[in-house]
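To start, the structure under review is shown below, and the notes come after it.
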Amino acid sequence: MGIVSTIMGFFGFGMGISIGLVIGYYLFIYFQPTDVPDPVIRPLVEQDSQTLQRLLPEIPLWVKNPDYDRVDWLNKFIETMWPYLDKAICKTVKNIAGPIIAEQIPKYKIDSVEFEALSLGSLPPTFQGMKVYLTEEKELIMETSMKWAGNPNITVVAKAFGLRASVQVVDLQVFACPRITLKPLVPTFPCFAKILVSLMEKVRGNEKCLILSLSPPLGLSLQPHVDFGLKLLGADAMSIPGLYRFVQELIKDQVANMYLWPKTLEVPIMDPAKAMKRPVGILSVKVVRAMKLKKKDLLGASDPYVKLKLTEDKLPSKKTTVKQKNLNPEWNEEFNLVVKDPESQALEINVFDWEQVGKHDKMGLNVVPLKQLTPEELKVMTLDLLKNMDPNDAQNEKSRGQIVLELMYKPFTDEEMPKETEDSDTVEKAPEGTPDGGGLLAVIVHEAQDLEGKHHTNPQVRLLFRGEERRTKPVKKNRDPRWQEEFQFTLDEPPTNDRIHVEVVSTSSRMGLLHPKEALGYVDINLSDVVSNKRINERYNLIDSKNGRIQIELQWRTSA
């Protein structure tokens, strides 16, 4: 009898719970109000202090925080484009979710999971303010206040063991202020490679919301919120007592674990390696000799040297030594050039006659497309020197001599390929041949602002380091020039106690000017921090300039 009583009590307990849940569910539905009274609308000046306090979170951020800007234009744009954005976003979601679902369903013995309906509804989100952070890196950081009370129709159908179950998400509400980062910025449309979304703060335990925001300053607390309706087999699953709170806490914890800063939601837009043209190999060039060069000076002999440069590369040209008074010089000098796109890049070969005073005369040139080279195969080429690369120019038929080169293109292996990283402050390793204990100092001249010349403003940057001088290209008639040029100095030891002199000058070739050259400002940069930090990217105020600033990036690259 004891066993029978225990069994009957167990079944009675189970039946009692089941009946209680069913009765509670229908009582909840029965007593749920169906008629919601219209809100009382009164002018703001007639509200009391308590009502105003309750309304404060609903005030747009641009009203109570001067750091946030109005974006009414963005809301109008999204409202007009929403029918098309809805279809495009839903199509993207299906394409992304499809392979993930197909990979996961075999683990749970489910026949299929698919979207029966997927629509974000007719109500677009609205943005109540946006804040933009300015940095020296190749990125754009934004924080925006978003509110979306949508009417989506998202129905997911799962089939297993001959049964069919559907789950529908309706009446979605999202109030959030996420941080959105576009990086890295690249010169290929749409001009950024990735979208990164971060959550800067986690919800406190007793809050009935999912935090997706960074609390704004001045004590103005934004109250983010996520809510939705969930129908299971046609019934409102959120009406089950306790389920709403459980689902809210579950979503809150899962989203925080995945996207709470420093973790991010990463949306790739394009391949950063292709967009930024990362190095994919090394071109080894040996300048062997030149033959039958034509003398450029009427009086005296020629002093030839060779300059090598890859197209689409902003690095300075590689130069051979100068061979004095020789029209058949032999160099046998080797150079390594970093290749970023062997299909489009070409090697430019220019032979010059060195002059102690004045401009060096060009003796001839030629171009070798890299796609003509077979990887890992040495190719000896004897090239005719031309005046230019115009095939229709009759002057190219005139003999200017020949040059002999040995070329080999060496693609990087998977182990040698530079690692793809989303951090723009990664420092490359120094190339082969860097002295032990030393390294390579890279100076990248980005841009300048608010340069002022009394007579002309054609800015050019002049770098002085350990007696070596490098110059950028001049930018004509521009107070805010952008150069984006890199200069390299190979050193036997770290420049711990050195400084580099950066000077901005303006030159003009106009005849009759009393001041053809003018200084626009300068700055001396201590390099000790570069050695310890490996990289510095800062904007410096120019001395002897009223408001001028220049952005210089310094990198100390070692082989270790």
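We did not get these values from a lab; they are worked out from the coordinates using the rules stated. What you see is a predicted model; the values in this text were computed from it and never measured. Don't worry about glycine lacking a Cβ; one is built from the backbone with ideal geometry, like all the others, and counts go over all protein chains shown.
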Give the order of Trp483, Trp354 when sorted by the count of other beta carbons within 10 angstrom, beginning with the fewest. Trp354, Trp483
Could you please tell me the mean projected area of the C-alpha convex hull for segment 439-557, averaged over all directions and given in square nanometres to one decimal? 7.1
Put in order of increasing Cβ neighbours within 10 Å, starting from the fewest, Phe335, Phe352 give Phe335, Phe352
So how long is each side of segment 277-411 along the principal axes, counting just the alpha-carbon atoms, biggest first, in Å? 47, 33, 26
Please compute, over every Cα-Cα pair in segment 48-123, the percentage with a separation greater than 15 angstrom. 73
Local net charge near Arg289, Cβ-Cβ under 14 Å (Lys/Arg +1, Asp/Glu -1): -1
Cβ under 10 Å from Ala448's Cβ, Ala448 left aside: what net charge do those residues give with Lys, Arg +1 and Asp, Glu -1? +1
For the pair Cys191 and Val288, what calculated FRET efficiency results from E = 1/(1 + (r/R0)^6), where r is the Cβ-Cβ distance and R0 = 35 Å, to the nearest 0.05? 0.20
Short version: ³J(HN,Hα) in whole Hz for each residue of segment 68-84, in order, from phi by Karplus 6.51 cos²θ - 1.76 cosθ + 1.60 (θ = phi - 60°), x for Gly and Pro, what are they? 9, 9, 6, 10, 4, 4, 5, 5, 5, 5, 5, 4, 6, 8, 4, x, 7
Output the pairs from Lys309/Lys359; Lys286/Lys323; Lys94/Lys194; Lys387/Lys476 with a Cα-Cα distance over 22 Å in this structure; if there are none, say none. Lys387/Lys476
Under a Cβ-Cβ cut-off of 12 Å, what is the net charge of the residues other than Arg471 that fall near it, where Lys and Arg count +1 and Asp and Glu count -1? -1
If Leu265, Leu163 are placed from fewest to most neighbouring beta carbons inside 10 Å, the sequence is Leu163, Leu265
Return the loop-located chymotrypsin sites (Phe, Trp or Tyr not before Pro) in segment 122-183 (DSSP other than H, G, I, E, B) with at most 12 other Cβ atoms within 10 Å of their own Cβ; answer none if there are none. Phe161
